[in-house]
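Data block below; observations after.
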Amino acid sequence: MITHRPHGVEHPYATSPDQRVPVLPLLGEPVRIGVLSDADAVTCEFDGVALTMTRAVAPAEDAAALAGGDGHLSAAQAGALGGEGGWAVTTPPLTEDRHYRYRFHAGAEVTDWFEVAPARWTSEPVGSVTGELVSDVEWLVSAGGVHRARFGLPLADGEHVVGFGERYDAVDQRGKRLDAVVFEQYKAQGKHARTYLPMPFAHVVGGAGWGFHVRTARRTWYDVGVSTPDTMTVEVALGDKPEVDLAVYRGTPTQVLTAFLDEVGRAEELPEWVLRLWASGNEWNTQELVMSRMDSHRDLGIPVGAVVIEAWSDEEGIMIFRDAEYAVTEDGGPHRASDFTFTGAWPDPKAMVAELHSRGVKVILWQIPLLKTDPGLGAQVRADAAAMVRDGHAVLEADGTPYHNRGWWFPKALMPDLSVTRTREWWTAKRRYLVEDLDVDGFKTDGGEHAWGHDLRYADGRRGDEGNNLFPVHYARTFGDLLRAHGKAPVTFSRAGFTGSQAHGVFWAGDEDSTWEAFRSSVTAGLTAASCGIVYWGWDLAGFSGPVPDAELYLRATAASTFMPIMQYHSEFNHHRTPLRDRTPWHVAETTGDERVVPVFRRFAVLREKLLPYLAEQAGVAVTTDRPLMRPLFFDHADPEVWAHPLQYQLGDDLLVNPVTEPGATEWTTHLPTGEWVDVWTGEQVSGTVTRPVPLEVVPVYCRADAWPGRAALFS
């Protein structure tokens, strides 16, 4: 059996052994062609010439690019592109502007013909770019059509470029190269300059003031003044028509953001409880464990507003509590709570939810937009999979067969086609009882980055090249609609998204290690996401992966998170091995031996409760005025010095926060924009650049002096 996929697995940043590299070569370039085969010898017949193939494996850098460090996903990521039986050959340069044909021979086996046509950049007007400020338009053309557009946008001296969705490596992307494609980078997102939540939108700040939005869901690339210092080069993947629609917005950052959100949608105001502390641990996999953690919160006087329960389900269809007994619906139809006999790990989830509600704690359940197809699965998930395919609810490959997840997490699972209402309703009907009967308050809409393939088929008419980035937007909408239908606020908790995600719930920064570097990257991610209209945002404070953080990192992260839109701790699955990796404050105290952890954490959690009216008020301001809740300083202050302090931000209109993001700090310097400010911990009025002591129980926070009389009570 010879397997050759010209595009390979379509990992956006790495190649697989069975593909063509590059997929679209430039005129004059050779091509490396790969296959998988268990034969003893393979020949590539290329343009009438027999080329002998040699054994090959995936490049080491491709496998390494997948791994983010230790953790339960890193091994799967590192191995995802491997494959025994790889063969490869490099062709002569493709020097003619035409289709080249090739096929493969192994013994008596001969494959079908494949074609490749080299491309070239041309300035001939073969298409159109609609928009202001555009220069130097070029088109990537081949005998097969027009594939990409490329053009320049001006950058003046002193201008800064902020946006492109949630970015971990820098607030100001000037001097960077990046792209916009939804991708699950397991940890180290800043190091790799990849993101779960990209957007083809950015502000250009520091000159006349403007921003832009490439109106596409296809992949885009940006050279932000790297190749040519006074030009941002934008490259856009094209569909059937060689057309690019570019919006240019002029004005202040708030005016630019308003114009963008007028097009793509904005957040709706969520209830105050989402602004309280959220508690989570992946290994809280029984009712007893969840209640034990909540009992500890109560007994230690640490207020908590929501518990996120990840490991509640059978891990097959993610719709039924583990150990529940029930009759299989052979047609894949939904259950009601009354259809289950709850036992084992979750003996009475309805009573658990009711008890947590009586304590003022909301309940959020984990989800994944995939349906497993592993051998040996239970009868219900097999029936659901059959219904999903039979009734046309699955995302499809180009040949009309169901798409099976090509990524490393839930590999080969089916993916529901949430681009259309009928499948959104079918998918959530099986989870309706969780809201309608058990009174669950929200869903952690994890994942959403699983669509790989330019030619996947969606029921709304889009192909993968256009539909894949939109999948996480449809996913969050799906569960928001379920909650709305039962009178609940649309509280979804997502890490992936794209343009349009602004209107759908709460977001967090995804998987990250417990390191200071990850702390800084996460603050950066929050500020860039906010610049693109994400209002309700948080992170796994002090990271969720690896050994338990030391007390200093944990408490510095806690202090910062107290002054972010969402405050949450979470820990990764560790196969239930010891030592336990819970990020609860009492476990961090026990692990580190630092007696300060619980009282300092409690102090910040209590302060968070006092801040709720302010946070809710300012979330409303963000929703109605488009001035971010977690607000980069350039939104309100035309002060060149703020760019030297990229991790400072305002929390709403009145508070300025400067997280302590380096270990061993005893003092911390803050640049205060023009005007008078008050140190909220001392009541002292200050201005300019100030340095203050930062014991572990203090994060530098300053209040606008004219607002202080109305805010002082928050810090008394």
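The values are calculated or read from the model by the stated rules, or taken from the named source; none is laboratory data. Predicted, not measured: the structure shown is a model, and the values here were computed from it. Please note: Cβ atoms are built from the backbone with ideal geometry, for glycine as well, and neighbour counts cover all protein chains shown. Side chains are part of the model used for accessible areas, which takes the heavy atoms of the whole protein and leaves out ligands, DNA and RNA. Shrake-Rupley method; radii C 1.70, N 1.55, O 1.52, S 1.80 Å.
Observations on the structure shown:
- Adding -39500 (n - 2.57) for every DSSP H run of four residues or longer, then dividing by how many residues the chain holds, sets the calculated 222 nm ellipticity at -7000 deg cm²/dmol.
- Per-residue ³J(HN,Hα) for the range 310-327, Karplus 6.51 cos²θ - 1.76 cosθ + 1.60, θ = phi - 60°, Hz, x for Gly and Pro: 8, 9, 9, 9, 6, 6, 10, x, 6, 9, 10, 4, 4, 6, 5, 9, 6, 8
- Additional length obtainable on full extension of the chain from Glu272 to Thr52, 0.36 nm per residue less Cα span: 72.5 nm
- In the list [x] 43, 34, 23; [y] 41, 38, 22; [z] 51, 33, 24, the label attached to semi-axes √(5λ) of the Cα gyration tensor in Å as derived from the coordinates here is [x].
- Whether the range 134-219 is rounded, prolate or oblate, judged on the alpha carbon gyration tensor where a/c under 1.5 counts as rounded: oblate
- Each residue of the range 390-436 gets 97 Å³ once the volume of the Cα convex hull is shared out per residue.
- For Lys610, a cut-off of 20 angstrom between C-alpha atoms picks up these lysines, skipping any fewer than 8 places away in its own chain: Lys362.
- Surface share of carbon and sulfur [accessible, 1.4 angstrom probe, percent] for the range 557-716: 54 percent
- Å² per residue, accessible surface of the range 571-617 at 1.4 Å: 47 Å²
- If you take the alpha carbon atoms of the range 312-393 and fit the smallest convex hull around them, that volume is 103 Å³ per residue.
- Equivalent ellipsoid dimensions for the range 161-263 as semi-axes, Å, which come from the Cα gyration tensor, largest first: 20, 18, 14
- Debye log10 I(q)/I(0) for the range 109-150, one point scatterer per Cα, at q = 0.16, 0.17, 0.18, 0.24 Å⁻¹: -0.50, -0.54, -0.57, -0.82
- Computed magnitude of the charge dipole of the range 298-420 (debye, nearest 20; Cβ of K, R +1, Cβ of D, E -1): 380 debye
- Working ranking of peptides 138-145, 483-490 by packing, defined as the average number of other Cβ atoms within 10 Å per residue, highest first, is 138-145, 483-490.
- The Stokes-Einstein estimate for the range 558-713, based on a Kirkwood radius over Cα pairs and taken at 4 °C with 1.567 mPa s viscosity, is a diffusion coefficient of 76 µm²/s.
- Sites Ala485 and Gln255 - FRET efficiency at Förster radius 41 Å, r taken between beta-carbons, to 0.05: 0.70
- Rh by Kirkwood over Cα pairs, then Stokes-Einstein D for the range 592-652 at 0.692 mPa s and 37 °C, µm²/s: 237 µm²/s
- Element breakdown for the range 313-365 at a 1.4 angstrom probe: carbon and sulfur atoms account for 47% of the accessible area.
- Here the contact order of the chain, divided by its residue count and restricted to Cα pairs under 8 Å and six or more residues apart, works out to 11 percent.
- Per residue, the convex hull spanned by the Cα atoms of the range 307-359 amounts to 88 cubic angstrom.
- Candidate membrane-span-like segments in the chain, meaning DSSP H helices with Cα atoms spread over at least 24 Å of their own axis and a Kyte-Doolittle mean of 0.5 or above, are 597-625, with no membrane implied.
- Overall, the range 444-580 carries a charge dipole of about 480 debye about its Cα centre when +1 sits on the Cβ of Lys and Arg and -1 on the Cβ of Asp and Glu, all other atoms neutral.
- Rounded if a/c under 1.5, otherwise prolate or oblate - the range 661-713, Cα gyration tensor axes: oblate
- Which of Leu27, Ser687, Gly360, positive extreme of dipole for the chain (C-beta unit charges): Gly360
- Note on Val110/Asp295: beta-carbon distance plugged into 1/(1 + (r/R0)^6) with R0 of 60 Å gives a FRET efficiency of 0.30.
- Given charges at beta-carbon only (K, R positive; D, E negative), |dipole| of the chain in Debye: 520 debye
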